[in-house]
Amino acid sequence: MALGVLYHVLRLFFAFTRAVPELIWAMVIVFFLSPGILPGAIALGLHNYGIVGKLSAEVVENMDPGPARALRSAGAGNIQMLAYGIIPQAMPHFLTYLLYRWEVVIRTTVVVGFVSAGGLGQEFRLNLSFFQYTDVFLIILWYLILVLAVDLLSAFLRRMVLVR
């Protein structure tokens, strides 16, 4: 009974945190804190916590219970059932979703930073407002390099996990 209540409370919290866009979270948090990197990080963390939480719950709910049941019937304990029946099925999906959200966060930092939450977005806005187009171009170029590097690293990590 208590686990059922916890399950529904967590699902409600996941729904709430992902329903509010990162930009809105950032503006609300900047209102309470001073502008800087911390409000942007908190905004991105809150929003993505809800998304990753929902995706993780969906993975666990849609897993094949057969391996875990077979281990349980063979006398395995909870830790063994988790280590050999649940984690091997869930880990590739968890990692895929986590790496994808990491890529999205990297791309979203510029937009969140645009509302005075710091980072590349704030630099981009300042240089754009002072018509320093060379610096704007360099920021966009570095941002593109960053996104490509994250994408390559993410693809490499996914291949490493899926090969096993």
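Just for segment 11-40: of the residues that are buried (at least 17 other Cβ atoms within 10 Å of the Cβ) and either out of contact with any helix residue (DSSP H, G or I) (no Cβ under 8 Å at 6 or more places or on another chain) or of a type in the set (Val, Ile, Thr) (or both), which one is farthest from Pro92 (Cα to Cα)?
Val30
Here is a yes/no grid of residues against (1) at pLDDT 90 or above; (2) at negative phi; (3) in contact with a Gly (Cβ under 8 Å, 6 or more places away or on another chain):
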| position | (1), (2), (3) |
| --- | --- |
| Gly119 | no, no, yes |
| Phe124 | no, yes, yes |
| Tyr133 | yes, yes, no |
| Ile140 | yes, yes, no |
| Leu152 | yes, yes, no |
| Arg164 | no, yes, no |
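Tell me, which residue of segment 116-158 that is under 21 Å from the mean Cα position of the chain (by Cα) and of a type in the set (Ser, Thr, Tyr) is farthest from Pro35 (Cα to Cα)?
By that ranking, first place goes to Ser154.
Just for segment 25-66: of the residues that are small (Gly, Ala, Ser) and either on the phi > 0 side of the Ramachandran plot or not in a helix (DSSP H, G or I) (or both), which one is modelled with the highest pLDDT? Break it down into steps so the answer makes sense when it comes.
As a first pass, look at segment 25-66 and keep what is small (Gly, Ala, Ser): 26, 34, 36, 40-41, 43, 45, 50, 53, 56-57, 66.
After this cut, where a residue has to be either on the phi > 0 side of the Ramachandran plot or not in a helix (DSSP H, G or I) (or both) as well, the list is 34, 36.
On the way: Ser34: 84, Gly36: 81.
My answer is Ser34.
This table checks each residue for (1) of a type in the set (Ser, Thr, Tyr); (2) more than 20 Å from Ala41 (Cβ to Cβ); (3) assigned to a helix (DSSP H, G or I); (4) in contact (Cβ under 8 Å) with a residue 60 or more places away in the chain.
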| position | (1), (2), (3), (4) |
| --- | --- |
| Leu126 | no, no, yes, no |
| Phe131 | no, yes, no, no |
| Ile139 | no, no, yes, no |
| Leu148 | no, yes, yes, no |
| Ala155 | no, yes, yes, no |
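Within segment 90-106, identify whether any single residue is on the phi < 0 side of the Ramachandran plot, over 12 Å from the mean Cα position of the chain (by Cα) and touching a residue at least 60 places away in the same chain (Cβ under 8 Å), and answer yes or no. Walk me through how you get there before you give the answer.
First, pick out the residues of segment 90-106 that are on the phi < 0 side of the Ramachandran plot: 90-106.
With over 12 Å from the mean Cα position of the chain (by Cα) added as a condition, the list becomes 90-93.
So of that shortlist, the ones also touching a residue at least 60 places away in the same chain (Cβ under 8 Å) come out as 91-92.
Within segment 90-106 (the criterion being on the phi < 0 side of the Ramachandran plot, over 12 Å from the mean Cα position of the chain (by Cα) and touching a residue at least 60 places away in the same chain (Cβ under 8 Å)), the answer is yes, since at least one residue qualifies.
The values are calculated or read from the model by the stated rules, or taken from the named source; none is laboratory data. Predicted model only: the values in this text are computed from it and were never measured. Note that we place each Cβ from the backbone using ideal geometry, even for glycine, and neighbour counts take in every protein chain shown.
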